[in-house]
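Comments concern the structure below.
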Amino acid sequence: MNSLDFSNSEGRRRPIVRIYNARMVYSRTGEGLTRVNLSVDPGEFVFLVGPSGAGKSTVLKLIYMDVFPTEGQVIVGKYNSIYVRRKDIPYVRRQLGIVFQDFRLLPDRDVFENVAFALRVTGARRKEIKRKVLRALGEVGLSHKRSKMPHQLSGGEQQRVALARAIVNEPLIVLADEPTGNLDPEAAEMVMNLLLRINAKGTAVLMATHNVDLVEKMGKRVVRIENGRTF
Amino acid sequence: MSVWYTVRESLEGFRRARMAAAITTFTVAFALVLMALVYIVASNLGRVVLNLRARVQMEAFLDPSLTDQEAQKIEDQIRAIAGVAGVEFVSKEKALLEFEREFGEDVFSVLDENPLPASFRIRLKPEFRRSQLAKQVADAVGKIDGVDEVVYRGDILALLDRYMGYVLLGGAIFGVLIGLGSVLLISNTIRLAILSRANVIEIMKLVGATNGFIRRPFLLEGMLQGLLGGFVDAVRSGAGGQSRDPESHRGGSAFVFWSCGSGLATGLARQCRCSS
């Protein structure tokens, strides 16, 4: 559980994630972000939409501090990209649940261990790990497949395991990078519903997607990004 | 993080990547075999040379007219010379006995009296078993009153001095090349093993694993692979009958050192990759 207090001195809840005037250039390609501003409040569901190559994934990378802005700043919980130390980055990520288009499960471990890994890194006790993992797998409807290896699962099931891994640590926010991009419509809908349910229980969700139809149907806050600039 | 987790993960690592673990283990073993070969050749060569040098004895023949008392004084003088490790007096009678034993002839059947002079057999200190230094000792002994002649196999020492330099240099170059080859072989195998797991490491980082958390099982796994490689090599050398050789005990500890070292190197290399 996060023990951070998101209320400021006036009692208003502070955003979980804030990006101020971030500019970022990839040294190799020269592409990147021109100017990004984004803020996500606790419990909020935000879509980050834009065409391929607009910089959606880079914005998420800024949040989980895989890349750093050349100008501006990114604040995640109590960590600021300007002051954060390299050794703090794992602790930044423990406040986040990250889901990718390509699932990124550990191929050499079964479903239970994949989900448990996110807790093991925090030094959680064995009993606690078992309880939380089974609960997370229950939430995504995969308790019965806990002993399967990732390659024995369908794409939709793999993504649900990734979702279970993302929420098992009770994160402040779930970052989802095109989570339905590799899935058939039925599996995509299931994953989408799960994200909504996770959000309904109080976890913020920031979902990057280029699927405009889906976004319009949901009626959630939308941040548009184009040519590396948010609108 | 519990120690149990680290141990279990490192053992699991073997199961998860059986082929990579086997290749690393046998590469370490193979590299150790190469190193062991160099070690065995070098140590045997060293022993042969030391034996040859030790065999070179100096003999100072005395004036036949000297009495035993005078000979005793000469012995003291010889002992005082730097480089002399020991002196043995060979009386005329003893020299005669040795002659008869060696040639099987009775001298008195040909001559009326014993023609053999008394002598001192001089053993040199190990550091003086070199052509130049042995000559210094021989000259010093030769200057003592009552010493007629000093005889020793200076030619063998000169030969060893002249060619051993080349042999040692060649051996050192060969050893360095083999060592370098072993290191390259091991490091390349490790690099491949790391590349095969780069994806897994990336995912671990994304879920908030610290570098230490990722490293420790890899480190232990690397050490275990190194030790296993050393063990395979030890079994090989045992099967080859080298264990009967007392030198192999020293070799054995060198293997253990090497295997631990390579294990550590394996782990550390992985550690470097993790923190990049």
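The values are calculated or read from the model by the stated rules, or taken from the named source; none is laboratory data. This structure is a prediction, so every number in the text was calculated from the model and none was measured. Here the Cβ positions follow ideal geometry from the backbone for every residue, glycine too, while neighbour counts run over all protein chains shown. Note: accessible area is taken over every heavy atom of the protein model, side chains too, but ligands, DNA and RNA are not part of it. Shrake-Rupley method; radii C 1.70, N 1.55, O 1.52, S 1.80 Å.
Taken over region B:78-96, the residue count meeting the criterion of being in a strand (DSSP E or B) and over 10 Å from B:ILE122 (Cβ atoms) is 2.
All of B:ALA29, B:ALA71 fail the test of being in the same structural domain as B:SER187 (by TED's automatic domain parsing), open to solvent by less than 90 Å² (accessible area, probe 1.4 Å) and aliphatic (A, V, I, L, M), apart from B:ALA29. Among the residues of region A:59-96, write down those that are facing chain B (nearest Cβ under 9 Å) and assigned to a strand (DSSP E or B). A:LEU96, the sole residue that qualifies. The single condition from (1) of a type in the set (A, V, I, L, M, F, W, C); (2) in a loop (DSSP other than H, G, I, E, B); (3) closer than 27 Å to A:GLU157 by Cα; (4) modelled with pLDDT of 95 or more that A:MET1 fails is (4).
Report whether or not B:GLY165 is in a helix (DSSP H, G or I), open to solvent by less than 50 Å² (accessible area, probe 1.4 Å), over 30 Å from B:LEU97 (Cα atoms) and away from chain A (no Cβ under 14 Å). Answer is yes for this residue. Taking (1) over 21 Å from B:SER10 (Cβ atoms); (2) modelled with pLDDT of 55 or more; (3) surrounded by fewer than 21 Cβ atoms within 10 Å (Cβ to Cβ) in turn, B:LEU228 satisfies each apart from (1). Among the residues of region A:153-189, those that are modelled with pLDDT under 95, part of a helix (DSSP H, G or I) and not small (Gly, Ala, Ser) comprise A:PRO185, A:GLU186, A:GLU189.
Of all positions in region B:115-136, none carries a residue that is of a type in the set (Phe, Trp, Tyr), farther than 23 Å from B:SER65 by Cβ, at pLDDT below 85 and part of a helix (DSSP H, G or I).
So that you can scan it fast, the table gives a plain yes or no per residue for (1) open to solvent by 10 Å² or more (accessible area, probe 1.4 Å); (2) within 14 Å of chain B (Cβ to nearest Cβ):
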| site | (1), (2) |
| --- | --- |
| A:ILE98 | yes, yes |
| A:ARG125 | yes, yes |
| A:ARG131 | yes, no |
| A:SER147 | yes, no |
| A:GLU157 | yes, no |
| A:ILE173 | no, yes |
| A:GLU178 | yes, no |
| A:GLU189 | yes, no |
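Being at pLDDT 85 or above, over 24 Å from B:ALA42 (Cβ atoms), surrounded by fewer than 16 Cβ atoms within 10 Å (Cβ to Cβ) and among the small types (Gly, Ala, Ser) is a property that holds for B:ALA80.
Screening the candidates B:SER196, B:SER182, B:SER187 for the property of being within 14 Å of chain A (Cβ to nearest Cβ), modelled with pLDDT under 80 and in a helix (DSSP H, G or I) yields one hit, B:SER196. Every condition in (1) within 11 Å of chain B (Cβ to nearest Cβ); (2) touching a Lys or Arg at 6+ places or on another chain (Cβ under 7 Å); (3) open to solvent by less than 10 Å² (accessible area, probe 1.4 Å) holds for A:LEU137 except the one numbered (1).
Scanning region B:53-77 for residues that are more than 13 Å from B:LEU124 (Cβ to Cβ), modelled with pLDDT under 85 and among the hydrophobic types (A, V, I, L, M, F, W, C) yields a total of 2.
The residue of region A:100-123 that is surrounded by the fewest Cβ atoms within 10 Å (Cβ to Cβ), among those that are part of a helix (DSSP H, G or I) and within 13 Å of another protein chain (Cβ to nearest Cβ), is A:GLU113. Out of all the residues in region A:135-146, is one or more part of a loop (DSSP other than H, G, I, E, B) and in contact (Cβ under 8 Å) with a residue 40 or more places away in the chain? Checking region A:135-146: at least one residue is part of a loop (DSSP other than H, G, I, E, B) and in contact (Cβ under 8 Å) with a residue 40 or more places away in the chain.
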